[in-house]
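J.: Structure provided below as structure tokens; questions to follow.
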Amino acid sequence: MSISQRKDGRWCVKYKIDTPTGPKWTQRSFPKDKEAEARAFDAEMKYDEPENTRPTLLECVLAYVKEMPLAEHTARGYEFLVVGCDRKDGIHVAGPAEFLADRFADTLTKRDLLAFRDACRAVGNAEPTVALKERRLKAALRWCAGEDIIPENPWAKYAAPRVRHGSRQGTLEDFRKVYALLAPHWQWASRTSMALCLRPGETELASLRWQSFRWREQCVSVYMGKVKATKTVYPPEDYMADARARFEASGDAGGFVCPGRGGGRMTYEAFRCAWRNACHLAGVKIVPYAMRHIGATEMLARGIDLAAVAAQLGHRNLTTTGAFYSHALPSAQKAAAKALPDCTTLGADGAGVAEK
């Protein structure tokens, strides 16, 4: 049983009904001003059987979403896994774990996990996306186990398949090829994403406004919806000079830094479409998110301090930066070796002295 409030204010009650093939989950919506009615219906539809006090996977996920400080789009992603969504045309799109939603969480098995992975792949999810969705379910189960909602995480001992995250692939040369084929306003959006180490989505790049720029300090404050925190980033001087010229030309302190073609708010879908077309023409295969990783890789490869790179990215923990970008460190290690005192020949020098 569960009751939740949707983004548009409506109240949604998820409950179980008996069918010829067994119990089945369904839901009923109530207007936003009918919370009391929704809760009364929720109480009325509760099962009385003792075994139904054991939480299901659906209840575990919704409890986790309710208690954790997740960004709105992340919370929706969790909910989609177990309840799916209804399209505007009325067609229901099943979530990849919806077939497990009414299973008691403590009865989930390895076979269920494998079936969940197959359900993700069946709708075209790439392996990194399958791994992400699996991590989300495991995070909810782990949290519920820690809160004594369930005895233990039934999938804790099953490691997710190791996959290479496609968005981390790509080089600076790849980026330059794609950049050269983008329209001018998308080139500016790409420069902004790279210079400010932004996630090129709706929350960061598309929502960035001129009022976030602190011209005197030559820095920018960026709200990161993924972690619900604000970072301060110091862009390259040439970027700040171009940004100042664009700001003065716009004359709108509250305007968008990277507007769309018509001057309004850009959409990530339009940007991604333009990026994909440019990639096709350039003969490379990288996604927009690769700009953030390319920027971090280039900074680390040039010997920039890990703490400074973490601050630019908005990572609160240096371990996160090191874990994601350790592949960029060999060149920095070589530079570190050159900075060592000339002490590696002491053994030979000492041997020569001893012979005398």
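The values are calculated or read from the model by the stated rules, or taken from the named source; none is laboratory data. On a predicted model such as this, the values are computed, not experimentally measured, just so you know. All Cβ positions, even for glycine, are placed from backbone atoms using ideal geometry, and neighbour counts span all protein chains on display.
J.: I'd like to check which helices (runs of 4 or more DSSP H) are fully inside the range 64-175 and have at least 2 residues that are closer than 30 Å to Ala296 by Cα.
T.: Of the helices (runs of 4 or more DSSP H) lying wholly inside the range 64-175, those with at least 2 residues that are closer than 30 Å to Ala296 by Cα span 72-83, 127-146.
J.: Which pairs turn up if I take residues in the range 224-251 that are within 18 Å of Trp210 (Cβ to Cβ) and look for partners that are outside any helix (DSSP H, G or I) and of a type in the set (Phe, Trp, Tyr) with beta carbon separation below 6 Å, at least 6 apart in sequence or on another chain?
T.: Thr230/Tyr223
J.: So, Phe41, is that one hydrophobic (A, V, I, L, M, F, W, C) and either part of a strand (DSSP E or B) or at pLDDT 85 or above (or both) or not?
T.: Considered against the rule, which asks whether it is hydrophobic (A, V, I, L, M, F, W, C) and either part of a strand (DSSP E or B) or at pLDDT 85 or above (or both), Phe41 comes out as no.
J.: Further question: Which of the residues belonging to the range 229-273 are surrounded by 13 or more Cβ atoms within 10 Å (Cβ to Cβ), within 24 Å of Val287 (Cβ to Cβ) and charged (D, E, K, R)?
T.: Matches in the range 229-273: Lys231, Arg265, Arg272.
J.: Look at the range 122-159 and say how many of its residues are closer than 18 Å to Gly95 by Cβ and in contact with a Leu (Cβ under 7 Å, 6 or more places away or on another chain).
T.: 4
J.: Separate question: Name the residues in the range 204-257 that are among the aromatic types (Phe, Trp, Tyr), in contact with an Asp or Glu (Cβ under 9 Å, 6 or more places away or on another chain) and not in a strand (DSSP E or B), would you?
T.: Trp210, Tyr234
J.: Could you please let me know if Thr171 is touching a Cys at 6+ places or on another chain (Cβ under 6 Å) and of a type in the set (S, T, N, Q)?
T.: no
J.: Would you check if there is a residue in the range 326-341 being at pLDDT 80 or above and not in a loop (DSSP other than H, G, I, E, B)?
T.: no
J.: Go through the range 118-135 residue by residue and tally those that are buried (at least 18 other Cβ atoms within 10 Å of the Cβ) and within 19 Å of Ala71 (Cα to Cα).
T.: 2
J.: From the list His280, His293, exactly one residue is crowded, with 18+ Cβ neighbours inside 10 Å and either aromatic (Phe, Trp, Tyr) or in a helix (DSSP H, G or I) (or both). Which is it?
T.: His293
This table checks each residue for (1) assigned to a strand (DSSP E or B); (2) exposed (fewer than 14 other Cβ atoms within 10 Å of the Cβ); (3) in contact with a Phe, Trp or Tyr (Cβ under 7 Å, 6 or more places away or on another chain); (4) modelled with pLDDT of 75 or more.
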position	(1), (2), (3), (4)
Cys12	yes, no, no, yes
Thr26	yes, yes, yes, yes
Asp33	no, yes, no, yes
Asp48	no, yes, no, no
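J.: Residue by residue through the range 86-112, note down the ones that are crowded, with 19+ Cβ neighbours inside 10 Å and under 25 Å from the mean Cα position of the chain (by Cα).
T.: Hits for the range 86-112 are Gly95, Pro96, Ala97, Glu98, Leu100, Ala101.
J.: Of everything in the range 258-271 that's in contact (Cβ under 8 Å) with a residue 24 or more places away in the chain and not in a helix (DSSP H, G or I), which residue is nearest to Ala296 (Cα to Cα)?
T.: Cys258
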